[in-house]
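The values are calculated or read from the model by the stated rules, or taken from the named source; none is laboratory data. None of these values were measured; they are calculated from a predicted model. Note that we place each Cβ from the backbone using ideal geometry, even for glycine, and neighbour counts take in every protein chain shown. Surface areas here come from the heavy atoms of the whole protein model, side chains and all, with no ligands, DNA or RNA. Shrake-Rupley method; radii C 1.70, N 1.55, O 1.52, S 1.80 Å.
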Amino acid sequence: MRLNQNILLLGKKVVLVPYTPEHVPRYHEWMKSEELRRLTASEPLTLEQEYVMQHSWREDADKCTFIVLDAEKWRAQPGTGEESCMAGDVNLFLTDLGDPSLGEIEVMIAEPSCRGQGLGTEAVLMMMSYGVTKLGVTKFEAKIGQGNEPSIRMFRKLHFEQVAVSSVFQEVTLRLTMSEPERQWLLEQTSHVAEKPYRAGASEAR
C-alpha cells in the first residue's frame, strides 16, 4: 500500500516502518524457518521472489504492511541500517470487496529474542489504530492456527472474540467490532504513538 510508504510510527516497544527492499534479506532468512511458514501459512520463496513480493505489497491497495522494529535497538543504533533492528511484521488485509470496513490483521514476531516482551501486542494495537483512523476500518478479524496458543491469547486480551473454527484449515477466527467504547479504548492504548516522516525524520525521531 502506497499510503503508508512515507510514514514511521513510533511506539514504546516497537517502531513500525514501511516494508522496503532493505528489509527483504532479513525477512527472507526468517521465512526459511518451517515453523514460521507453518504459523503464517506461507510458501517458501527464493530471494528474488521475495523482492517481487515486497514490491507487490507496496503497490497493492488492499494490503497495508509495516515492518516491526525493536524500538530499544533502533534508538541505541542511530545511523545504522534497520535490518539489525527487525523483529517481525504486522499486516492489514482489506480484501473483502463487499465490506471495505473489514480488515484482516496478522502479526509475526519472527526474531526469537524479541518474543514474549509485548512487541506483538503493541504492534497490533498500533496497526489497529492506523486502520481505524486512516483506512476507515471498523471491524477486525484475525485467523490463527489452532495450535498457536500465544497468538490466540494475545488477541483475546485485545478484546477479540472467537467467532469460527475451521477444522479443514485448522484455524480459529477471532473478531473485534469497533463500537464507540472500543474505539476510545484503542485510541487511549495508542495515545503515546507518534507519526513521523519516514527516512527524513528517522534519525531525529530517535
Item checked: Lys, Arg +1 and Asp, Glu -1 on Cβ, resulting dipole of the stretch 1-140 about Cα centre, debye, nearest 20 -> 460
Notebook entry, point to check: Of the residues Val14, Val172, Val137, which exhibits the maximal mean-square fluctuation in a Gaussian network model of the chain defined by a 10 Å Cα contact cut-off?
Noted result: Val172
Notebook entry, point to check: Mind checking which of Leu45, Leu97, Leu186 has the largest fluctuation in a GNM of the chain, springs on alpha carbons under 10 Å?
Noted result: Leu97
Check: Applying the Karplus parametrisation 6.51 cos²θ - 1.76 cosθ + 1.60 with θ = phi - 60° to the phi angles of the stretch 149-165, what ³J(HN,Hα) value in whole Hz is obtained for each residue in order, glycine and proline being reported as x?
Finding: 4, x, 5, 4, 4, 4, 5, 5, 5, 8, 6, 6, 10, 5, 10, 7, 10
Checklist line | Rounded to whole Hz, the Karplus (6.51, -1.76, 1.60) HN-Hα couplings of the stretch 91-101, x for glycine and proline | finding: 10, 10, 9, 10, 9, 8, 4, x, 8, x, 8
Next item on the list: Could you give the size of the charge dipole of the stretch 72-204 about its Cα centre, using +1 on the Cβ of each K and R and -1 on the Cβ of each D and E, expressed in debye and rounded to the nearest 20?
Entry: 180
Margin query: I need the shape label for the stretch 83-155. Rule: rounded when a/c is under 1.5, else prolate if a/b > b/c, else oblate, with a, b, c from the alpha carbon gyration tensor.
Written below: prolate
Margin query: Explain nothing, just compute: Karplus ³J(HN,Hα) = 6.51 cos²θ - 1.76 cosθ + 1.60, θ = phi - 60°, for every residue of the stretch 15-30 in order, whole Hz, x for Gly and Pro.
Written below: 10, 9, 10, x, 7, 10, x, 4, 8, 4, x, 5, 4, 4, 4, 4
Check: Just Gly131, Gly103, Gly147 to compare: in a GNM of the chain, with alpha carbon springs under 10 Å, which one fluctuates most?
Finding: Gly147
Check: Extent of the stretch 22-80 along each principal axis, from alpha carbon coordinates, in Å, largest to smallest?
Finding: 34, 29, 20
Check: In terms of modelled amide H atoms, which long-range or inter-chain residues lie less than 5 Å from the amide H of Lys63?
Finding: Leu94
Check: What does the charge add up to near Val52, with Lys and Arg as +1, Asp and Glu as -1, over the other residues with Cβ less than 15 Å from its Cβ?
Finding: -3
Checklist line | Dipole magnitude of the stretch 136-206 about its Cα centre (Cβ charges: Lys, Arg +1; Asp, Glu -1), debye to nearest 20 | finding: 180
Notebook entry, point to check: Tell me which aspartates and glutamates have Cα within less than 17 Å of Lys63's Cα, excluding those fewer than 8 residues away on the same chain?
Noted result: Glu50, Asp89, Asp96, Asp99, Glu104, Glu106, Glu141
Next item on the list: In whole angstrom, note down how far apart the Cα centers of the stretch 126-205 and the stretch 28-101 are.
Entry: 16
Next item on the list: Would you please give the residues with an amide H less than 5 Å from that of Gln117, counting only those at least 5 places away or on a separate chain, with H modeled from the backbone geometry?
Entry: none
Checklist line | Global size of the stretch 1-100 as Cα Rg and Dmax, reported in angstrom | finding: 14.0, 45
Margin query: Need one value: the accessible area of Met178 in square angstrom, 1.4 angstrom probe, rounded to the nearest 10.
Written below: 30
